[in-house]
1. Tell me, yes or no, whether the range 358-380 has at least one residue that is in a loop (DSSP other than H, G, I, E, B), within 12 Å of ligand 2 (Cβ to nearest atom) and either at pLDDT below 90 or under 15 Å from residue 400 (Cβ atoms) (or both).
2. If the requirement is being under 24 Å from residue 176 (Cβ atoms) and assigned by TED's automatic domain parsing to the domain that holds residue 120, which of these qualifies: 68, 59, 44?
3. When only residues in the range 231-243 that are assigned to a helix (DSSP H, G or I) and out of contact with any helix residue (DSSP H, G or I) (no Cβ under 6 Å at 6 or more places or on another chain) count, which is nearest to ligand 1 (Cβ to nearest atom)?
4. Looking at (1) away from ligand 2 (no atom under 16 Å from the Cβ); (2) buried (at least 18 other Cβ atoms within 10 Å of the Cβ); (3) farther than 25 Å from residue 313 by Cβ; (4) at pLDDT 85 or above, find the lone condition where residue 253 falls short.
5. Any chance you could count how many residues in the range 422-434 are at pLDDT 85 or above and surrounded by 21 or more Cβ atoms within 10 Å (Cβ to Cβ)?
6. Would you please name the residue that is surrounded by the most Cβ atoms within 10 Å (Cβ to Cβ), looking only at residues in the range 73-91 that are modelled with pLDDT of 85 or more and in contact with a strand residue (DSSP E or B) (Cβ under 9 Å, 6 or more places away or on another chain)?
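The values are calculated or read from the model by the stated rules, or taken from the named source; none is laboratory data. Given the structure is predicted, the values throughout are model-derived calculations rather than measurements. All Cβ positions, glycine included, derive from the backbone under ideal geometry; neighbour counts span all protein chains shown.
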Ligand SMILES: [Fe+2]
Ligand SMILES: [Fe+2]
């Protein structure tokens with residue numbers, strides 16, 4: 001008897017079928033023998049995957065493929081095609097497809113048109129939206145594309161499928177990807193503005209919406225994201241971190257989803273004006289001259305002007321440009337640009353000021369490889385409360401981040417070192433959980449176990465470990481995000 005593969009085991013075949021079609025469609029004409037054979041093979045594999053149902057759904061969720069709602073097993077021999085296709089689809093912001101199971105009567109040219117559009121989508125601003133429009137325009141209805149990775153969460157069969165133990169890891173993976181996409185979206189906006197192209201912000205809006213989902217679902221991942229630091233692309237990473245921190249502060253004071261989205265976009269765009277400042281001034285080691293500082297000071301006004309140039313609804317622009325304009329004015333109006341003192345700074349502006357300074361002073365820069373540890377930074381900011389910062393908002397912000405914000409490098413009295421993890425309000429905020437780091441031979445570190453500083457010795461009742469000092473992780477060349485995410 002002929003052995004029939006279980007549909008789940010056909011997932012790899014389906015992916016290979018799609019990949020082959022994309023390849024062949026690029027190289028050969030529609031009537032080429034190889035093309036016809038690839039289309040035929042694709043039709044067959046779709047049918048086999050359906051296992052009798054009318055549709056075949058292939059979805060990406062948290063970095064894995066799901067066929068008919070069932071997670072595909074990760075076989076070593078298929079790892080390469082899985083990874084390649086995930087990258088290919090995610091680059092296009094596509095999270096899967098629903099195919100008709102019966103493609104016998106679907107014309108070869110329709111199937112080829114789909115794979116060609118799929119390939120081309122990467123060249124467009126909002127790839128999945130573009131693909132959807134093209135499919136509609138050409139009356140291609142034998143498939144639907146899945147544009148959101150969230151769909152699967154609502155699917156109870158998938159929820160069941162997700163193993164509890166790995167769920168957190170996958171969430172973190174997804175969060176990290178969203179972070180990187182968001183970073184790309186802001187880079188794209190900035191680069192297009194520089195080359196005077198028309199700049200839409202749909203991608204940025206979508207990324208911010210996903211970020212809001214992450215804040216809502218899992219605060220610790222959210223804070224861990226804001227510890228991502230690299231020397232390259234400082235302005236973009238800084239902008240994204242400001243967006244993350246501002247949104248979490250906004251959430252803390254009860255802002256609703258739509259408001260958080262606007263606030264996130266303001267954070268993302270607050271330093272857009274910096275792209276016009278020469279790099280030698282932005283990255284200058286040592287003190288800036290008067291004229292260099294004057295140059296830097298122009299950026300908040302320029303950010304506002306650039307936002308007004310974006311190709312988006314004018315009402316949205318009005319919401320977006322005010323707080324970037326205000327982010328250096330300061331609570332007591334002692335900053336720049338100088339404006340009428342009777343005009344209060346908007347709530348968004350006051351939030352951005354806090355998020356901006358906190359991220360700036362805790363970020364290592366090319367000219368300042370070590371920077372303040374997060375707790376030192378909060379201490380310094382507190383001394384400027386009511387002057388530089390809105391005192392009430394600053395209090396909420398400090399409370400939110402805790403005594404040792406996520407990612408602070410702690411040295412313990414046991415000689416161990418580790419990174420502070422998010423402490424919940426219920427626990428002692430001065431005694432967070434800690435991700436221990438084990439030193440290697442080359443002064444590299446690997447993750448050790450997670451310990452709780454609130455843990456006591458049952459015999460003596462004393463705390464098992466205490467903090468001796470806190471430092472910025474960059475002092476030991478540690479990137480917290482590598483351990484926390
Ligand atoms: Fe700024
Ligand atoms: Fe900034």
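1. Looking for residues that are in a loop (DSSP other than H, G, I, E, B), within 12 Å of ligand 2 (Cβ to nearest atom) and either at pLDDT below 90 or under 15 Å from residue 400 (Cβ atoms) (or both), one finds at least one in the range 358-380, hence yes.
2. 59
3. Checking each candidate, the answer is 234.
4. Exception for residue 253: condition (2).
5. Total meeting the criteria: 2.
6. 89
Conditions (1) within 16 Å of ligand 1 (Cβ to nearest atom); (2) in contact with a strand residue (DSSP E or B) (Cβ under 7 Å, 6 or more places away or on another chain); (3) in a helix (DSSP H, G or I); (4) under 26 Å from residue 195 (Cβ atoms), marked per residue:
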{"residue": "254", "(1), (2), (3), (4)": "no, no, no, no"}
{"residue": "265", "(1), (2), (3), (4)": "yes, no, yes, yes"}
{"residue": "293", "(1), (2), (3), (4)": "yes, no, yes, no"}
{"residue": "304", "(1), (2), (3), (4)": "yes, no, yes, yes"}
{"residue": "308", "(1), (2), (3), (4)": "no, no, yes, yes"}
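Per-residue answers, yes or no, for (1) outside any loop (DSSP other than H, G, I, E, B); (2) at pLDDT 85 or above; (3) in the same structural domain as residue 271 (by TED's automatic domain parsing); (4) touching a helix residue (DSSP H, G or I) at 6+ places or on another chain (Cβ under 9 Å):
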position	(1), (2), (3), (4)
122	yes, yes, no, yes
130	yes, yes, no, yes
139	no, no, no, yes
147	no, no, no, yes
186	yes, yes, yes, yes
197	no, no, yes, yes
213	yes, no, yes, yes
